[in-house]
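Worksheet for the structure shown next.
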Amino acid sequence: MIGRFRLVMKKIIIVSATSGNNLTLAKNIGELFDLKNEIITLEDYHLPLYTGKFKLENQTIINDLCEKVVNANGFVFCGPEYNGGSAPILTNAITWISVTTDYWRDAFSDKIGLIATHSGGNGNSFLSTFRQQLEFMGVIVYPRSIVVNKSKEFNVESSKKIIDRFQKLL
């Protein structure tokens, strides 16, 4: 506590949909943050496909993921473009989180998010469809994105500028 103000450490969760190129992208992005951040890979959670009838046998798996998301001040989502949209694992995880919290938007509402992609193509369809999904969930999505593909390598200088501006909004 300094005077009347309490210092609160902001925390960013960097979510990698996959454990390949997007995890590498997540790690590259994580190194550029001045704020505390944690990288999670959705493949590590082994979440079953969500159906309204299915219940998790091991609720701790989703509770751990939910706790991380609920306690985050902001997010960076790193995912590939699949068939013109989001990777199924990303949509599935968001669905599990939304049905596990008391109110389905609890984990996401009024938080800031940044979208990044390492895709085979330009990733534009993923960026636009996922932006729409996050905004529907209540996330304030940063207008710039980080894009890597086979013809566009990770640009440290440009990404650092994006991350610096993103952090100021927290």
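The values are calculated or read from the model by the stated rules, or taken from the named source; none is laboratory data. Remember, predicted model here, so these are calculated numbers, not experimental data. Glycine also receives a Cβ, built like all others from the backbone with ideal geometry; neighbour counts cover every protein chain displayed.
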Exercise for the section: Being at pLDDT below 95 and crowded, with 18+ Cβ neighbours inside 10 Å narrows it down to one of TRP96, TRP104, so name that one. Expected result: TRP96
Completion exercise
Output for Cβ contacts, cut-off 6 Å, separation at least six or different chains, first residue closer than 20 Å to SER16 by Cβ in the range 50-67, second surrounded by 14 or more Cβ atoms within 10 Å (Cβ to Cβ) and modelled with pLDDT of 90 or more, reads TYR50/ASN92; TYR50/THR95; TYR50/TRP96; ILE61/TYR45; ILE62/TRP96; LEU65/TYR45; CYS66/ILE97
Completion exercise
Within the range 66-84, restricting to residues that are under 11 Å from the mean Cα position of the chain (by Cα) and of a type in the set (A, V, I, L, M, F, W, C), the one that is nearest to ALA26 (Cα to Cα) is CYS78
Completion exercise
Within the range 126-170, the residues that are in a helix (DSSP H, G or I) and in contact with a Lys or Arg (Cβ under 6 Å, 6 or more places away or on another chain) are ILE162
Handout entry: Test for GLY74: is it at pLDDT below 95 and either closer than 25 Å to ASN21 by Cα or crowded, with 22+ Cβ neighbours inside 10 Å (or both)
Key = no
Handout entry: Condition check for LYS168: surrounded by fewer than 13 Cβ atoms within 10 Å (Cβ to Cβ) and basic (Lys, Arg)
Key = yes
Exercise for the section: Test PHE136 against the stated conditions and say whether it is within 18 Å of LEU23 (Cβ to Cβ), without any contact (Cβ under 8 Å) to a residue 60 or more places away in the chain and out of contact with any helix residue (DSSP H, G or I) (no Cβ under 7 Å at 6 or more places or on another chain). Expected result: no
Problem - Total residues in the range 66-81, condition outside any loop (DSSP other than H, G, I, E, B) and more than 16 Å from GLN132 (Cα to Cα) - result: 6
Problem - Of the criteria (1) closer than 23 Å to SER158 by Cα; (2) loosely packed, with under 13 Cβ neighbours inside 10 Å, which one ASN21 fails - result: (2)
